[in-house]
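Trainee: Shown below is the structure under consideration.
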Amino acid sequence: MPAKPAPIKKAPAKKAAPKAAEKPAAPAEKAPAPEPAPAPAPAPAPEPAPAPVEVPAPVEAPAAEPAPPAEAAPAAPAEVEVAPAPPAEEPAAPPPPPPEPEKPKEEPTSEPVSVSVEDVNDTSLTVKWRPPETVGPSGVDGYIVEYCKDGTQDWISANQDLIVSNRFAIKGLTTGEKLHVRVKAVNPAGPSKPGALEQPVLIREIVDRPKIRLPRNLRTVFVKSVGETLNLVIPFQGKPKPQVTWTKNGQPLDTKQVGVRNSDKDTILFIRKCERKDSGKYEATVKIDTLEDKATIDIQIVEKPGSPQGIKLVDVWGFNVALEWTPPKDDGNSEITGYTVQKSDKKTGEWFTVLEHYHRLNCTISDLIMGNSYFFRVFAENRCGLSEQAAVTKSPAQIQKTGIDYKPPEYKDHNFSEAPKFTQALQDRSATIGYSTKLLCAVRGNPKPRIVWMKNQMEIRDDPKFMQISSQGVCTLEIRKPCPFDGGVYTCKAINVHGEAAVNCKLDVKDTHFLYHSNRTRINMSIEVITIDQTTVTYRVVFMPRDGTCLFHSLCYVLHGRISLTVDIWRNIVSYVSNDWDRFKVWTDDGTGDNYTTQEHYKHEMLKPFTYGSACELMAAAELFGCCFQVYRNGQIFYTFGQPPMPLKHLRLTGDDFSSGHFEVYECLNSQKLDVKLSMNLVVYLQCLTDAECHFNTSPTNTVVIETNHETQTDYDSSNPSCEI
């Protein structure tokens with residue numbers, strides 16, 4: 001028994017006793033079935049937990065407690081069985097955290113593709129390739145380039161570090177070797193399969209025959225003026241780099257005057273300041289060993305010519321003078337292209353050109369003034385221009401006077417005074433509402449007559465709607481955007497001290513809207529029939545001015561029946577939008593499809609003339625005036641602003657959107673199916689009503705009523721003659 005308590009003493013650190021007890025408990029379950037009692041041993045184990053602190057106690061009372069040792073006796077073998085497993089107590093430390101799920105193992109990329117040779121010479125080889133087709137989430141860290149001699153498998157890495165570009169030059173190679181080259185892509189999973197050249201590469205110099213590619217403009221004589229800079233670039237090809245030499249007229253170049261710069265692909269000939277002596281034939285030679293190519297450039301440096309020589313007066317007769325001269329001694333290194341001859345009156349001393357680009361060495365000057373004396377001078381001309389100096393005659397040419405008896409012609413005095421008379425009368429015209437028209441006539445008279453335009457025998461004065469123009473006897477009256485009120489009899493009257501004359505014409509302003517049935521046949525009426533939800537509705541179209549404010553005109557008309565209050569409606573809507581800017585700003589439209597940036601910008605632009613309104617202003621009008629606005633386009637409801645319980649108003653939109661279309665007003669006539677007989681009666685009635693104005697109203701029985709009124713104009717604003725309804 002002394003050997004059994006020994007392992008118990010070796011466990012003074014009973015802090016892990018519960019765990020040790022639990023672990024033997026498991027083998028106890030595996031022990032023979034006759035001893036199920038040790039199973040509850042873990043329960044008393046926590047109670048004697050402090051007992052290990054009092055180590056002498058179990059020594060003094062080994063006999064007093066024979067039963068527990070007896071019970072422990074069978075456990076001792078268990079401890080003996082566990083005794084060889086003290087190393088297993090190390091994992092009994094605090095359990096490690098659960099292992100994280102393993103990430104899917106990354107695979108190398110696919111091999112690089114399209115490996116090819118870019119350049120090769122006697123000591124280096126340059127290869128290029130394309131990235132792998134399959135890269136993976138981590139991408140490519142770089143590439144490894146390897147090579148080996150043909151017939152071996154000793155692959156040598158050409159780069160110590162990974163390269164990121166798709167091109168690499170292998171240097172320090174031996175001429176005459178045949179090499180295989182391959183490229184690997186590297187990522188965190190390692191290198192990929194190699195992409196290799198299909199055939200081995202022979203390390204040797206690739207020789208291109210030297211050849212000069214002379215530009216087209218240098219294949220003829222190249223001309224420069226004295227003092228200009230000359231800079232010629234001559235490209236060539238050849239490998240290895242050719243040797244370039246220049247000569248002038250077969251002699252080496254003067255390096256103080258002419259400079260040469262050579263590169264691998266071209267040679268440059270330059271002269272900072274050209275002189276006449278730089279003219280000549282320049283020859284460029286490119287040479288590789290025994291192979292060479294030559295090109296000749298003919299350079300001509302020119303300047304203005306000298307003055308002609310030996311100018312003299314050959315003869316003077318009547319109003320004519322004959323001159324002759326000789327060419328200049330210095331032609332400026334360029335062919336003389338002509339001469340310019342000038343004359344000067346001795347009295348004034350001013351020179352006037354009489355001949356230009358003249359090619360002969362003699363000329364005759366005519367049409368000279370009798371009694372005057374003239375000097376003459378001649379300039380020589382080449383491609384650089386006229387000579388600086390001219391050859392001048394030494395003595396003047398005197399044009400002698402001859403006796404002439406002047407007899408003034410006899411003529412009768414004519415009185416050109418004339419009363420006004422119209423040579424072209426006014427013509428009756430028909431105009432369309434909203435489209436400007438002109439009235440034209442022609443009148444003559446001496447003195448120039450005063451023109452007066454009248455409408456219905458009332459003089460038209462400073463009315464901005466009318467523009468009066470009178471030029472070269474043509475009288476024009478332009479009527480800007482006429483409305484029905486502008487129709488009538490127009491008179492043009494011409495008045496001077498000898499009398500007056502007048503012409504008349506009649507202007508008829510017509511509407512252009514039509515009535516369409518379901519078969520789209522047209523009837524000349526200012527109403528439209530539209531089918532909505534299988535119900536035919538008849539509308540009268542009220543045309544609005546095309547001055548950019550058609551939306552505000554339309555809103556004013558549907559609210560007040562006239563457009564004279566348009567400005568008030570306009571300002572109220574703009575103020576309403578400005579006061580609730582945060583809500584309305586996303587609906588504004590500056591005409592380019594964007595919103596206005598600030599409230600001040602919106603107010604400033606919207607209150608300008610000819611500024612279009614859009615959906616934003618319609619939304620504000622629906623809230624401000626408590627109306628429901630239905631907008632129709634192409635006979636269908638395009639959009640509704642406001643709620644149906646509010647009074648319903650109808651607008652017509654001709655255009656693709658609110659910011660660019662034209663607004664007009666729909667006046668509903670009835671909501672019944674339009675009877676063909678009724679529509680024909682309307683046509684008859686409208687044809688019979690000439691001076692009367694038609695009012696279409698909806699009676700309680702939903703029938704169309706046509707009213708005539710010769711004096712009142714409820715549909716038009718008589719206070720505003722420029723209205724275009």
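The values are calculated or read from the model by the stated rules, or taken from the named source; none is laboratory data. What you see is a predicted model, and the numbers here were worked out from it, not measured in a lab. As a convention, Cβ positions derive from the backbone with ideal geometry for all residues, glycine included, and neighbour counts pool all protein chains shown.
Trainee: Look at residue 221 and say whether it is exposed (fewer than 13 other Cβ atoms within 10 Å of the Cβ) and of a type in the set (A, V, I, L, M).
Mentor: yes
Trainee: Please work out if residue 247 is outside any loop (DSSP other than H, G, I, E, B), in the same structural domain as residue 291 (by TED's automatic domain parsing), surrounded by 11 or more Cβ atoms within 10 Å (Cβ to Cβ) and within 48 Å of the chain's Cα centre (by Cα).
Mentor: no
Trainee: Next question, about the same structure. Name the residues in the stretch 429-452 that are in contact (Cβ under 8 Å) with a residue 40 or more places away in the chain, part of a strand (DSSP E or B) and under 26 Å from residue 416 (Cα atoms), would you? Quick ask: steps written out before the conclusion?
Mentor: Within the stretch 429-452, the first condition is being in contact (Cβ under 8 Å) with a residue 40 or more places away in the chain, and the residues that meet it are 429-439, 441, 443, 445-452.
Next, from what is left, pick out any that are part of a strand (DSSP E or B): 429-432, 437-439, 441, 443, 445-446, 450-452.
Residues satisfying the conditions are 441, 443, 445, 446, 450, 451, 452.
Trainee: How many residues are in contact (Cβ under 8 Å) with a residue 60 or more places away in the chain and surrounded by 13 or more Cβ atoms within 10 Å (Cβ to Cβ) when one looks only at the stretch 415-424?
Mentor: Residues in the stretch 415-424 being in contact (Cβ under 8 Å) with a residue 60 or more places away in the chain and surrounded by 13 or more Cβ atoms within 10 Å (Cβ to Cβ): 5 in total.
Trainee: Restricting attention to the stretch 111-162, which residues are more than 30 Å from residue 239 (Cα to Cα), in contact with a Gly (Cβ under 9 Å, 6 or more places away or on another chain), surrounded by 16 or more Cβ atoms within 10 Å (Cβ to Cβ) and of a type outside the set (Asp, Glu)?
Mentor: 112, 132
Trainee: Within the stretch 130-143, identify whether any single residue is under 20 Å from residue 204 (Cα atoms), basic (Lys, Arg) and touching a strand residue (DSSP E or B) at 6+ places or on another chain (Cβ under 9 Å), and answer yes or no.
Mentor: Kept after step one, since they are under 20 Å from residue 204 (Cα atoms), are these residues of the stretch 130-143: none.
No, the stretch 130-143 has no match at all.
Trainee: Applying the selection to the stretch 259-277, what residues are of a type outside the set (D, E, K, R), touching a residue at least 40 places away in the same chain (Cβ under 8 Å) and in a loop (DSSP other than H, G, I, E, B)? Break it down stepwise before answering.
Mentor: Of the stretch 259-277, the ones of a type outside the set (D, E, K, R) are 259-260, 262-263, 267-271, 274.
Imposing the further condition that a residue be touching a residue at least 40 places away in the same chain (Cβ under 8 Å) reduces the set to 270-271, 274.
Correct list: 274 only.
Trainee: Being among the basic types (Lys, Arg), in a loop (DSSP other than H, G, I, E, B) and under 21 Å from residue 384 (Cα atoms): is that true of residue 256 here?
Mentor: When the stated conditions are applied, residue 256 does not pass them.
Trainee: In the stretch 556-607, what residues are within 16 Å of residue 619 (Cα to Cα), among the polar types (S, T, N, Q) and part of a loop (DSSP other than H, G, I, E, B)?
Mentor: Hits for the stretch 556-607 are 588, 595.
Trainee: Then there's this: Mind checking which pairs have a first residue in the stretch 278-295 that is under 10 Å from residue 236 (Cα atoms) and a second that is in a strand (DSSP E or B) and small (Gly, Ala, Ser), Cβ under 7 Å, 6 or more apart or different chains?
Mentor: Correct list of pairs: 286/238.
Trainee: Within the stretch 136-154, can one find any residue that is free of Cβ contacts under 8 Å to residues at least 12 places away in the same chain, over 19 Å from residue 186 (Cα atoms) and of a type in the set (D, E, K, R)?
Mentor: So far as the stretch 136-154 goes, yes, one or more of its residues are free of Cβ contacts under 8 Å to residues at least 12 places away in the same chain, over 19 Å from residue 186 (Cα atoms) and of a type in the set (D, E, K, R).
Trainee: Okay, moving on. How many of the residues in the stretch 588-614 are under 22 Å from residue 640 (Cα atoms) and at pLDDT 85 or above?
Mentor: 2
Trainee: What is the residue count in the stretch 394-414 for residues that are modelled with pLDDT under 85 and surrounded by 10 or more Cβ atoms within 10 Å (Cβ to Cβ)?
Mentor: Counting residues in the stretch 394-414 that are modelled with pLDDT under 85 and surrounded by 10 or more Cβ atoms within 10 Å (Cβ to Cβ) gives 0.
Trainee: If you go through the stretch 548-564 one residue at a time, do you hit one that is under 35 Å from the mean Cα position of the chain (by Cα), surrounded by fewer than 22 Cβ atoms within 10 Å (Cβ to Cβ) and either over 26 Å from residue 436 (Cβ atoms) or not aromatic (Phe, Trp, Tyr) (or both)?
Mentor: Looking through the stretch 548-564, at least one residue is under 35 Å from the mean Cα position of the chain (by Cα), surrounded by fewer than 22 Cβ atoms within 10 Å (Cβ to Cβ) and either over 26 Å from residue 436 (Cβ atoms) or not aromatic (Phe, Trp, Tyr) (or both).
Trainee: Only one of (1) within 42 Å of the chain's Cα centre (by Cα); (2) part of a loop (DSSP other than H, G, I, E, B); (3) not assigned by TED's automatic domain parsing to the domain that holds residue 275 fails for residue 228. Which number is that?
Mentor: Condition not satisfied by residue 228: (3).
Trainee: Would you point out which residue out of 375, 379 is touching a residue at least 24 places away in the same chain (Cβ under 8 Å), touching a Leu at 6+ places or on another chain (Cβ under 7 Å), among the aromatic types (Phe, Trp, Tyr) and not in a loop (DSSP other than H, G, I, E, B)?
Mentor: Of 375, 379, the one residue that is touching a residue at least 24 places away in the same chain (Cβ under 8 Å), touching a Leu at 6+ places or on another chain (Cβ under 7 Å), among the aromatic types (Phe, Trp, Tyr) and not in a loop (DSSP other than H, G, I, E, B) is 379.
Trainee: Quick one: which of 618, 624, 651 is among the aliphatic types (A, V, I, L, M) and assigned to a strand (DSSP E or B)?
Mentor: Numbers: 618 fails: assigned to a strand (DSSP E or B); 624 fails: assigned to a strand (DSSP E or B).
Answer to the selection: 651.
Trainee: Next up: Is at least one residue of the stretch 440-456 farther than 30 Å from residue 489 by Cα, surrounded by 11 or more Cβ atoms within 10 Å (Cβ to Cβ) and either in contact with a strand residue (DSSP E or B) (Cβ under 8 Å, 6 or more places away or on another chain) or hydroxyl-bearing (Ser, Thr, Tyr) (or both)?
Mentor: The answer is no; no qualifying residue exists.
Trainee: Please go through the stretch 320-335 and give me each residue that is surrounded by 14 or more Cβ atoms within 10 Å (Cβ to Cβ) and touching a residue at least 40 places away in the same chain (Cβ under 8 Å), ordered by number.
Mentor: Result: 320, 321, 322, 323, 325, 327, 328, 331, 332, 333, 334.
Trainee: What is the residue count in the stretch 127-176 for residues that are in a strand (DSSP E or B) and hydroxyl-bearing (Ser, Thr, Tyr)?
Mentor: 3
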